[in-house]
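A.B. asks: Pasting in a structure now, in structure tokens, and then I'll have a few things to ask.
The values are calculated or read from the model by the stated rules, or taken from the named source; none is laboratory data. Treat the numbers as computed from the prediction; the structure is a model and nothing was measured. Every residue, glycine as well, gets a Cβ built from its backbone with ideal geometry; the counts of neighbours run over all protein chains shown. Areas reflect the complete protein model, heavy atoms only, side chains present, ligands, DNA and RNA absent. Shrake-Rupley method; radii C 1.70, N 1.55, O 1.52, S 1.80 Å.
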Amino acid sequence: MNKKGFIFDLDGVIVDTAKYHYLAWKSLANELGFDITLEQNEQLKGVSRVRSLEIILGWGNKTLSDEQFSKYMAEKNDNYLSHIAQMDAGEILPDVPKTLNYLQETQQGIALGSASKNARKILQKVGLFEVFQAIVDGNNVSKAKPDPEVFLIAAKKLNITPKNCIVFEDSVAGVTAANSAEMISIGIGSQETLGHADYVFKDFTEIQTSFINELIKR
């Protein structure tokens, strides 16, 4: 059987930590005297922590000194970490383990490609750390999605060419990054938002092993 590289984003694909990011960013915005909505939080998916804070400050029409900016960045991360400290395997999204198990059974390359600097900690909390042969997160890249750097590094770590890699992503920036890397892009979410992906599924409950087999055979 062919060996392909399957690269997974973390937030919104394997686990839903977006809700914890939202609570932490909302708390920070409230501290600064304004609020942010769930709809606005959607725009922060796949975006680095620094850029996210810049965007949020723009929404609130606020400016901070470099010292204040660093302080609020750390505060947000501490708030977020307090939430993920409570995570366990129950946080894994439906049927993700089924797909990961099948990829292990068929001896495929499995990697993580995430903007999160807490990716390793989260994978350990939910018991999936050992599944991934390569982990590339926010600590390993200099360019955020939609730049393809994170996925290209993951492919290199798997020793599999980009054209033989498949990416699972839930963000517009992530799908764009996968397409730029000339990898097969699979959007996890809505067709309306992720229509530029090669394939779109609502979640992993819609992904059958027969589909995975077709990807492997390509």
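A.B. asks: Round to the nearest 10 and give me the degree value, 0 to 90, for the angle of helix 18-31's Cα axis relative to the longest principal axis of the chain.
C.D. replies: Value to nearest ten degrees: 10.
A.B. asks: Order these peptides, 68-76, 146-154, 19-27, by their mean beta-carbon neighbour count within 10 angstrom, highest first.
C.D. replies: Highest to lowest by the protection proxy: 146-154, 19-27, 68-76.
A.B. asks: Work out how far the C-alpha atoms of the stretch 123-191 reach from end to end along every principal axis, then list the three figures in whole Å, largest first.
C.D. replies: 30, 28, 23
A.B. asks: State to the nearest 20 debye the size of the charge dipole of the chain about its Cα centre, where the only charges are +1 on K and R beta carbons and -1 on D and E beta carbons.
C.D. replies: About 640 debye.
A.B. asks: State the Kirkwood hydrodynamic radius of the stretch 56-101 in Å, one decimal place, computed from all pairs of distinct Cα atoms.
C.D. replies: Every distinct Cα pair counted, the radius reaches 13.7 Å.
A.B. asks: Further question: What part of the accessible area of the chain, given as a whole %, is carbon or sulfur when the probe is 1.4 angstrom? Walk me through the numbers on the way to the answer.
C.D. replies: Numbers: 4920 of 10370 Å².
Carbon and sulfur together cover 47 percent of it.
A.B. asks: I need the phi-derived Karplus couplings for the stretch 48-62: 6.51 cos²θ - 1.76 cosθ + 1.60, θ = phi - 60°, integer Hz, Gly and Pro marked x.
C.D. replies: Calculated HN-Hα couplings, in order: 5, 4, 4, 5, 4, 5, 4, 5, 4, 4, x, 4, x, 6, 10 Hz.
A.B. asks: Once both labels are modelled 7 Å past Cα along the beta-carbon direction, what's the A89-E206 spacing in nm?
C.D. replies: Distance between the two pseudo-spin positions: 2.8 nm.
A.B. asks: Principal axes first, then extents: for the Cα atoms of the stretch 1-145, list largest minus smallest coordinate on each axis, whole Å, largest first.
C.D. replies: Rounded to whole Å, the extents work out to 56, 30, 24 Å.
A.B. asks: Something else about it: Based on alpha-carbon atoms only, what is the radius of gyration of the stretch 73-218 relative to the globular estimate 2.2 N^0.38 Å?
C.D. replies: Working: Rg = 15.1 Å, N = 146, 2.2 N^0.38 = 14.6 Å.
Normalised Cα radius of gyration, the stretch 73-218: 1.03.
A.B. asks: List the trypsin sites (Lys or Arg not before Pro) within the stretch 99-165 that DSSP assigns to loop and that have no more than 16 neighbouring Cβ atoms inside 10 Å.
C.D. replies: Passing both the DSSP loop test and the Cβ count: K117, K143.
A.B. asks: Ignoring ligands, DNA and RNA, what accessible area per residue does the stretch 71-111 give at 1.4 Å, in Å²?
C.D. replies: 47
A.B. asks: Which FRET efficiency value, to the nearest 0.05, is calculated for S65 and K143 with the Förster distance at 30 angstrom and r the Cβ-Cβ distance?
C.D. replies: Details: r = 26 Å, r/R0 = 0.87.
Efficiency computed from Cβ-Cβ geometry: 0.70.
A.B. asks: Of all GluC sites (Glu not before Pro) in the stretch 160-218, which ones are in loop regions per DSSP and have a Cβ with at most 14 other Cβ atoms within 10 Å? Please list the in-between numbers first.
C.D. replies: Details: sites: E169, E182, E192, E206, E214; in loops: E182.
Filter output for the stretch 160-218: E182.
A.B. asks: Can you grab the distance from the C-alpha centre of the stretch 1-37 to the C-alpha centre of the stretch 134-212, Å, no decimals?
C.D. replies: 16
A.B. asks: Right, here's the next one. Could you work out which residue, out of T106, T176, T63, moves most in a Gaussian network model of the chain, that is, has the largest mean-square fluctuation with Cα springs under 10 Å?
C.D. replies: Highest fluctuation of the listed residues: T63.
A.B. asks: Apply the Karplus parameterisation 6.51 cos²θ - 1.76 cosθ + 1.60, with θ equal to phi minus 60°, to every residue of the stretch 124-133 and state each ³J(HN,Hα) to the nearest whole Hz, in sequence, with x for glycine and proline.
C.D. replies: 5, 4, 9, x, 10, 4, 6, 5, 8, 7
A.B. asks: Could you provide, to the nearest whole Å², the per residue accessible area of the stretch 142-183 with probe 1.4 Å?
C.D. replies: Value returned for the stretch 142-183: 43 Å² of accessible area per residue.
A.B. asks: Would you mind getting the accessible area per residue of the stretch 1-45, heavy atoms of the protein chains only, 1.4 Å probe, in Å²? Display every interim value, and only then the final one.
C.D. replies: Working: 1930 Å² over 45 residues.
I get 43 Å² per residue for the stretch 1-45.
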